[in-house]
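Below: one structure, written as structure tokens.
Bear in mind that the values in this text are calculations on the coordinates, not laboratory data. Everything quoted here is computed from the prediction, not taken from an experiment. Here the Cβ positions follow ideal geometry from the backbone for every residue, glycine too, while neighbour counts run over all protein chains shown.
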Amino acid sequence: MPVQRFILAYMDHILARLASDSFYHLSHASLTGSRCQGLACFAARQLDPASWKQACQSSPTVFCLGQCYLGPARQGEDALPHIASHARTSVLLGNVANAAVLDLAEYCKTGGGQALHQVLRMDSAAVIQQISASGLRGRGGAAFPTGLKWQLLAEQKADCKYLVANADEGDPGSFSDRLLMERDPYRLIEAMLIAGITVGAKQAYIYLRREYEQTAVILQAAITQARAAGWLGPHVLCSAHAFDISLVIGKGSYLCGEETAMLNAIEDKRPEARLRPPQITELGLYSKPTLVNNVETLCAIPWIITHGAAAYAALGTPESPGTKLLSLNAVFRRPGLYEVEFGISLGDIVDKLGLGLKQGQLKGLMIGGPLAGVIPAQLLDTPLAYQSLQQIGGAVGHGGVIAFDDSCSIAELVAQVFRFGAFESCGKCTPCHHGAAEIARHFDDILQGGHWNADRWQALVSALADASLCGHGRGLAEFAQSIQRHYHAELQTCLTSV
Ligand SMILES: Cc1cc2nc3c(=O)[nH]c(=O)nc-3n(C[C@H](O)[C@H](O)[C@H](O)COP(=O)(O)O)c2cc1C
Ligand code: SF4
């Protein structure tokens, strides 16, 4: 009997492993020379049609290499983009825009470590009060108030809590987290130490997307150096606090950026999104209270601690305080990574940062990735701020800014976004699993001269909005609704009422 039980348990393990591995697109694939099919590169396809054609035919399918300023991008052909801060004070880009700081002693010479020393002398309520008063909201996409999230974690009574830095940066069109990690890795480590000590988490993970191979090397070296210097380990800087960080490398899945799917991935389970409640602040990684924060959110923390909440809140607007990183794609004349204060107009982002488009007229901006609305050129006087973008069916998201010129038809755009959506769906909800694929198929057909039933389109978009378990399906619906709202006439040419 024990032998049979052993065999059954072993088979269970193999089946679980197969179920988990089959989920990923890049489990065993080499990325060398792979070409990007992400939306930023799609938008830039007219700049190099031959390269885009190769990307569409290449395997494995890669939806963002984080080189959107070079689009259509190819792995291994990277170069540093234009990097500049247009904020009155730079919170995030100091080391990133100057020379990269890849040595801990160098980092400390630039003022690094001061916030950590300060926090070691503060009680956690005072730290949380500072973060709350700064008005910082999550920069990963959901914009949840960071101080409140930390407070929820700190209040949990548990023998063990976890911290996870979300470094998946899956939104095609975004590369800000990559450059933060590659050029200022100790800022992230310092911020994670501050977060862990404040909320009572001793073990932390950085979940990094597989496509960022160079970033992984830099982060691992920084973690090793931080451990050797006593920043990480059983006594952080000789204090009573224990804290350590492990790097987890993804295997190719956009959905793993969604925090509950990410926790399943770290646990080596099939990374589908989890049902909520319970919230992960109560039952997260290995069923323990867990804080998940985006890399950019975390990297703002040391500055807020050393300069004070009021200084941070004085930047931006009262409703959207602080600064935000924006990643501008290759369609702009001057693509690159920019730090701006909230409140800057979309028109200034296009004209003053991006210096307009390389060719054609602006047809629309996709801000915050494919799971957000497209903003037409007529609305460029809208300020970059949470509420104002929401009012016009857009979002700040993670701050990727993809420009589309007037050579891009709405049918092409919808087909591309839903191809991506279907490819990355975890398959748990029918509207997302089957509906996204159906929309992509019909818009592919429209591109060949066909038409599609308007009622069916409407029904699928409503089902996505109402019956999706996670933000992937709901975000696809938001994208579709923005197309209905802002490009209604052109959409109607694709649809029939019978
Ligand atoms: C489909 C999907 C993909 C996501 N991808 C990312 C991602 O790549 N990086 C990220 O930080 N957040 C991503 N998020 C948001 C996370 O679920 C989560 O809200 C965020 O990491 C929390 O950190 P923050 O509060 O600091 O923003 C994604 C959400 C969804 C629904
Ligand atoms: S909305 Fe899509 S990605 Fe999210 S849980 Fe449902 S099927 Fe999975």
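What the table below lists for this structure:
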item: Student exercise, the range 323-405 dipole from Lys, Arg, Asp, Glu Cβ charges, in Debye to nearest 20; result: 220 debye
item: Cβ-derived FRET efficiency at R0 41 Å, Asp406 paired with Phe144, nearest 0.05; result: 0.65
item: Neighbourhood net charge (9 Å Cβ-Cβ; Lys/Arg +1, Asp/Glu -1) for Tyr24; result: +1
item: Estimated 222 nm signal from helices in the chain, with DSSP H stretches of n ≥ 4 weighted -39500 (n - 2.57), rounded to 500; result: -12000 deg cm²/dmol
item: Of Lys157/Lys202; Lys161/Lys324; Lys149/Lys428; Lys149/Lys269; Lys53/Lys363; Lys149/Lys288, those spanning more than 19 Å from alpha-carbon to alpha-carbon; result: Lys161/Lys324; Lys149/Lys428; Lys149/Lys269; Lys53/Lys363
item: C-alpha long axis of helix 2-21 to longest principal axis of the chain, angle in °; result: 60 degrees
item: Positive-end residue, the range 242-391 charge dipole about Cα centroid, Cβ charges, pick of Gly250, Pro321, Pro289; result: Gly250
item: Where Rh is the Kirkwood radius over Cα pairs, Rg/Rh for the range 410-496; result: 0.94
item: Principal axes of the chain: Cα extent on each, largest first, Å; result: 71, 70, 39
item: Crossing angle, helix 185-199 versus the chain [Cα axis fit, 0-90 degrees, rounded to tens]; result: 70 degrees
item: Volume per residue of the C-alpha convex hull in the range 90-313, rounded to whole Å³; result: 115 Å³
item: Gain on full stretching of the segment that runs from Ser497 to Glu282 - 0.36 nm per residue minus C-alpha separation; result: 72.6 nm
item: Ordering of 320-328, 445-453 by packing [mean C-beta count within 10 Å, highest first]; result: 320-328, 445-453
item: Within the range 84-192, chymotrypsin sites (Phe, Trp or Tyr not before Pro) in DSSP loop having at most 13 other beta-carbon neighbours inside 10 Å; result: none
item: 12 Å beta-carbon shell around Leu362, net charge (K/R +1, D/E -1); result: 0
item: Potential lengthening between Glu319 and Leu8 on full extension [0.36 nm per residue; Cα-Cα distance subtracted]; result: 106.3 nm
item: Given charges at Cβ of Lys, Arg, Asp, Glu: the chain dipole, positive-most of Phe63, Leu152, Leu389; result: Leu152
item: Helix 124-134 vs. the chain, principal-axis angle (Cα, 0 to 90°, nearest 10); result: 30 degrees
item: Ranking of Thr317, Thr110, Thr224 by count of other Cβ atoms within 10 Å, fewest first; result: Thr224, Thr110, Thr317
item: Range of Cα positions in the range 221-326 per principal axis (Å), largest first; result: 43, 40, 27
item: Positive dipole terminus of the range 410-496, leading residue within Leu469, His442, His486 (C-beta point charges); result: Leu469
item: Average projection area in nm² (convex hull over Cα atoms of the range 323-405, one quarter of hull surface); result: 4.4 nm²
item: R0 of 56 Å, Cβ-Cβ distance Ala454-Met122: FRET efficiency to nearest 0.05; result: 0.45
item: Neighbour net charge for Pro302 - beta-carbon separation under 11 angstrom, K R +1, D E -1; result: -1
item: Computed magnitude of the charge dipole of the chain (debye, nearest 20; Cβ of K, R +1, Cβ of D, E -1); result: 480 debye
item: For the range 291-331 and the range 98-126, distance of Cα centres in Å; result: 17 Å
item: Projected area, mean over directions - the range 86-163, Cα convex hull, nm²; result: 7.3 nm²
item: Computed FRET value (nearest 0.05) for His28 with Ala310, which takes r as the C-beta separation and R₀ as 45 Å; result: 0.30
item: Mean-position separation - Cα centroids, the range 211-253 and the range 439-497, in angstrom; result: 43 Å
